[in-house]
Amino acid sequence: MLAAGLALGACGGLPQRPVVPAIYDLGLAGAVSPAPAVVPSQIEVRAPSWLATSAMQYRLDYRQPAQRQVFAESRWAAPPAEMLQRRLLQALSAPSSTGGGCRLHLEMDEFTQAFDSHEASTAVIVARAELLPPRGEYALAQRMFALREPASSADAKGGVTAFRKAGERLTIEIAGWMADSAAGACRR
């Protein structure tokens, strides 16, 4: 009996396997339909230091709206700015379009999952966009984009689905804004 107790006690001292976090991305972007009227020659997406990480961030708006928290067992495959830049490059690089030349600069301000209650959350993307000429830094057009997409479930997995939809909407809205704002100035 003593030997069995020692054997069981020894097993309890073994290190526990670390939890391997689930890794998510925004998926592949489809081309914007119809093809964008203006195709930027360069797309740059930047984010502040607190968003320059692969941590999936959330806020409990119903309790502590000013506090950012992270999901312990879920991560992004890359920082959100990098994933959004990739999505925009995939969607806005339509070879059949007639535009080009201008540069798109996007500055992210928010990329978090906001919980309104224990049962309801929303993906929130806030970004400022500038359309710049091929050379020079004087903005041809500027716009703030604020998107909120309800999550199908109040967890990281539901948030990922909502961020994918919000990313698609952001891409479509940016393509439309570029066409309306500076199509003539950006054509080659």
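Among the residues of the range 131-174, those identified as among the aromatic types (Phe, Trp, Tyr) and in contact with a strand residue (DSSP E or B) (Cβ under 7 Å, 6 or more places away or on another chain) are 145, 163.
For the range 141-164, which positions are part of a helix (DSSP H, G or I), charged (D, E, K, R) and crowded, with 16+ Cβ neighbours inside 10 Å? Residue satisfying the conditions is 164 alone.
Regarding residue 109, is this residue touching a residue at least 60 places away in the same chain (Cβ under 8 Å), open to solvent by 40 Å² or more (accessible area, probe 1.4 Å) and not in a loop (DSSP other than H, G, I, E, B)? Answer is yes for this residue. For the range 37-48, filtered to residues that are of a type outside the set (D, E, K, R) and within 20 Å of residue 83 (Cα to Cα), the residue that is modelled with the lowest pLDDT is 39. The C-beta contact set for the range 62-82 (first residue more than 21 Å from residue 166 (Cα to Cα) and open to solvent by 70 Å² or more (accessible area, probe 1.4 Å), second residue of a type outside the set (Phe, Trp, Tyr) and not in a strand (DSSP E or B), distance under 6 angstrom, 6+ apart or interchain) comprises 62/116; 62/117; 73/19; 73/21.
The values are calculated or read from the model by the stated rules, or taken from the named source; none is laboratory data. On a predicted model such as this, the values are computed, not experimentally measured, just so you know. Glycine gets a Cβ as well: all are built from the backbone with ideal geometry, and neighbour counts include every protein chain shown. What goes into the accessible areas is simple: the full protein's heavy atoms, side chains included, and nothing from ligands, DNA or RNA. Shrake-Rupley method; radii C 1.70, N 1.55, O 1.52, S 1.80 Å.
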